[in-house]
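**Q** Starting off with a structure, shown below.
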Amino acid sequence: MDITVTEPKARPGSRKGRPNYDREFRRRLAAAACEPGASVAKLARDNGINANMLFTWRRRYRAQLQAETTSLIPVAVIHETPPQRLAMPPNGGDVGNPTPRDGTIEIRFGGVVVRVNGGVDADTLRVVLGSVRS
């Protein structure tokens, strides 16, 4: 695929040998570098610039596109049910010596992982999950 974006003049930069290319030229060239099948090295060579510079322009162009398209979606909680309390069994002899619970609970919220091993009382777990949620 042959893509050439021509810009006849580069403005002189603040330092010798470093031209300042027009923003529109950089944007067009970065967009051309994002096309499927485009060779960044060939595109840079055809336009007389360094390939690393074009890679930088392309990375910035993609980041700008992503920032423009990323948005938050409004969410509303319609009905939040209060947590249910578990009633203790009528057998009062086991209250002092609860049976150990085995197992693992793993909850993932995006990049956060909450892992609970063994037995944890419901109130403590509720506080931990509430702090992760906020």
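**Q** Got a sec? Which of Ala32, Ala38 is modelled with pLDDT of 80 or more and not in a helix (DSSP H, G or I)? Outline the logic, then answer.
**A** Numbers: Ala32 fails: not in a helix (DSSP H, G or I).
Just a single option satisfies the conditions, and that option is Ala38.
**Q** Would you say Gly48 is in a loop (DSSP other than H, G, I, E, B), under 27 Å from the mean Cα position of the chain (by Cα), modelled with pLDDT of 80 or more and on the phi > 0 side of the Ramachandran plot?
**A** Against the criterion (in a loop (DSSP other than H, G, I, E, B), under 27 Å from the mean Cα position of the chain (by Cα), modelled with pLDDT of 80 or more and on the phi > 0 side of the Ramachandran plot), Gly48 does not qualify.
The values are calculated or read from the model by the stated rules, or taken from the named source; none is laboratory data. Predicted model, so just to flag it, every value in this text is computed and none were measured.
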